[in-house]
Amino acid sequence: MADFTGFPLWGPQFYADLEHHNTREFWAANKDRWEREVRDPVRALVTALEPEFGPATIFRPHRDVRFSPDKSPYRTHQGAIAGPSPGLGYYVGLDADGLIVGGGFRTHSPAQTDRFRRAVDSDAGAELAGVVAAVVAAGFVLEGAALKTRPRGYRADHPRADLLRRKELMAVTNVGTPPWLATPAALDRVRQMWRQVRPLVEWAVTNVGPD
């Protein structure tokens, strides 16, 4: 595989166009260039980072539309996650706005959410609160599905009520399209950001685990 040399800026433009022309005809007309300028750079990036962060899963471009009212055939972003299981680890993605980097976990089962909340309610929850404060201070935003009110079984005045409402927890930053995105320097930038979210990922691996 070729070395990582950056993310060509054609990629964000392609996804901006795909949002308006999400058809098999548009995809077919751009597939070869998508492979060269989106898929292959993502593969090269996660391969270069594998010795430190582990192997990655690269998301398929096709959407599963079987149970969705939205029948658009293609995802409007290209993502990959490095970690022990799908949805748990370090994330990197490219969409119409540019580069997105983060880490944590996207829940794949009620059991994961239950383990997360039980950990938040334990001594491990105090550790998580400190980890979350650090990643937010570093410029990351917390994302993930959450309840509007506290889950049943936990007291109303719980000191970590905001965390208990969450079903999953990702810390992400929308990097955009800085000048270094199309250069080899993007590799070290992503590595640095993954290191910043490593405490959150390691907490999730220990206390949530795979599905």
From the list Gly79, Gly6, which residue is small (Gly, Ala, Ser) and more than 27 Å from Lys167 (Cα to Cα)? Gly6
Whether any residue in segment 131-143 is among the aromatic types (Phe, Trp, Tyr) and modelled with pLDDT of 95 or more is what I want to check. yes
Reported set for segment 1-60 where residues are of a type in the set (Ser, Thr, Tyr), in contact (Cβ under 8 Å) with a residue 40 or more places away in the chain and outside any helix (DSSP H, G or I) is Thr5, Thr23
Looking at Gly93, Gly176, Gly153, Gly139, which is the one that is surrounded by fewer than 14 Cβ atoms within 10 Å (Cβ to Cβ), without any contact (Cβ under 8 Å) to a residue 60 or more places away in the chain and either of a type in the set (Lys, Arg) or under 30 Å from Gly11 (Cβ atoms) (or both)? Gly139
Quick one: Ala186 ticks every box in (1) touching a Pro at 6+ places or on another chain (Cβ under 7 Å); (2) under 30 Å from Phe4 (Cβ atoms) except a single one, so which number is it? (1)
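The values are calculated or read from the model by the stated rules, or taken from the named source; none is laboratory data. None of the values given here were measured: they were computed from a predicted structure. Positions of Cβ are generated from backbone atoms using ideal geometry, with glycine treated the same way; all protein chains shown enter the neighbour counts.
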